[in-house]
Every structure is written in C-alpha cells, then in structure tokens.
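The values are calculated or read from the model by the stated rules, or taken from the named source; none is laboratory data. In this text, all values refer to a predicted model and were calculated from it rather than measured experimentally. Every residue, glycine among them, receives a Cβ derived from its backbone with ideal geometry; neighbour counts consider all protein chains shown.
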Amino acid sequence: MRTSARRASAVIAAAAAIAALLAGCAPSPRPSGAPTSPPASTPPAPTEPAPTASPEPTFDPAGDAEANRPLVERSLAPLVSAGGIPAGRSVVDALTAAGIPLEALQITADRTSIGLPVDSLLFSVRSGESCVLGQFDGDGFMTTTAPVLASGACLVGATASLD
C-alpha cells in the first residue's frame with residue numbers, strides 16, 4: 001500500500017509540474033481596449049527578395065549522364081503527363097527539341113513485328129561515357145543512368161531507325 005501511495009504522489013507531482021509548464025506557455029490575456037493590429041506608424045517588415053529562376057538545363061554531350069538526366073526528364077514531362085506509352089517519334093522529337101543531338105539517341109521500336117503497340121518503350125541518351133536510360137511502360141515512366149556498353153551503345157539489342 002505504501003508503494004501505491006508513492007506512485008500516486010509521483011503522478012500528482014508530475015501532473016502539477018506539466019500543468020505549471022503549460023501555463024507558462026499560454027499567452028497572456030490582452031488588456032481590454034488594446035489595439036489588435038500594430039499602429040500605422042510601424043515600418044513595414046522587410047520583404048524577402050524574389051527568388052531568381054534557375055537557368056534552364058542544357059545538354060552537355062561530354063558531361064555525365066546524371067548531370068543530363070534532369071534535362072531528359074523535363075523534356076519528356078509532357079509525354080509522361082499524357083500517360084501511356086508514347087510513339088517513339090514523339091520521344092525523339094521531344095529530346096531533340098531540348099537540344100539533344102540525334103546521334104546521342106537510341107530507342108526501341110514502338111510497334112511489335114505484327115504491328116501491335118509495344119508493352120514498353122526504351123530509349124537512351126549517351127553523354128560522355130555514360131547513358132541516361134528511360135522506359136515508358138504500363139506502370140509509368142522511369143529513368144536511370146548506366147555506363148556505356150563495351151559496344152559503345154547504351155541499349156542492348158535491336159533499336160529503331162531514327163531517320
């Protein structure tokens with residue numbers, strides 16, 4: 001019984017301490033008739049300067065793929081937001097419009113050998129000794145980076161003509 005009395009005393013003391021701390025955090029009541037806004041003669045608070053826009057990314061053919069990845073993703077954003085798997089030509093046009101040379105691109109066919117739409121469309125952008133690899137499929141869009149293959153290409157297997 002003595003232990004439970006000590007516990008009860010400890011709980012009451014802790015509750016009183018917490019209540020005292022919280023009471024110290026409460027705002028003091030405003031005197032009646034006090035203005036609710038600062039007087040008109042108070043100078044305005046300084047304003048923050050407007051943030052400067054970051055420059056648009058540009059393609060660096062000798063640069064690292066990771067550095068060029070934001071440009072690739074930004075240039076394909078309209079195709080991504082449209083949903084689905086875009087036509088290969090649309091991907092190529094979006095990338096070249098962003099300043100990426102045709103010679104840096106590879107893309108897989110957007111139709112099967114019997115003329116049906118593909119389940120996924122792969123593309124690559126070579127920059128330096130690395131590649132931005134991208135994929136449109138039923139789950140959406142993703143990119144990653146990887147080193148250039150020993151063949152000098154970024155994609156393995158057959159790719160579509162970019163003419």
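Return the residues of the range 105-118 that are free of Cβ contacts under 8 Å to residues at least 24 places away in the same chain and not polar (S, T, N, Q); say none if nothing qualifies.
Passing the criteria: 111, 114, 115, 116.
Please state which of the following conditions residue 98 fails to meet, knowing it meets all the rest: (1) within 22 Å of the chain's Cα centre (by Cα); (2) within 23 Å of residue 117 (Cα to Cα); (3) aliphatic (A, V, I, L, M).
(2)
With the structure loaded, tell me whether residue 122 is modelled with pLDDT of 95 or more, exposed (fewer than 15 other Cβ atoms within 10 Å of the Cβ), among the aliphatic types (A, V, I, L, M) and closer than 22 Å to residue 71 by Cβ or whether it fails that test.
Judged against the criteria, residue 122 is not a match.
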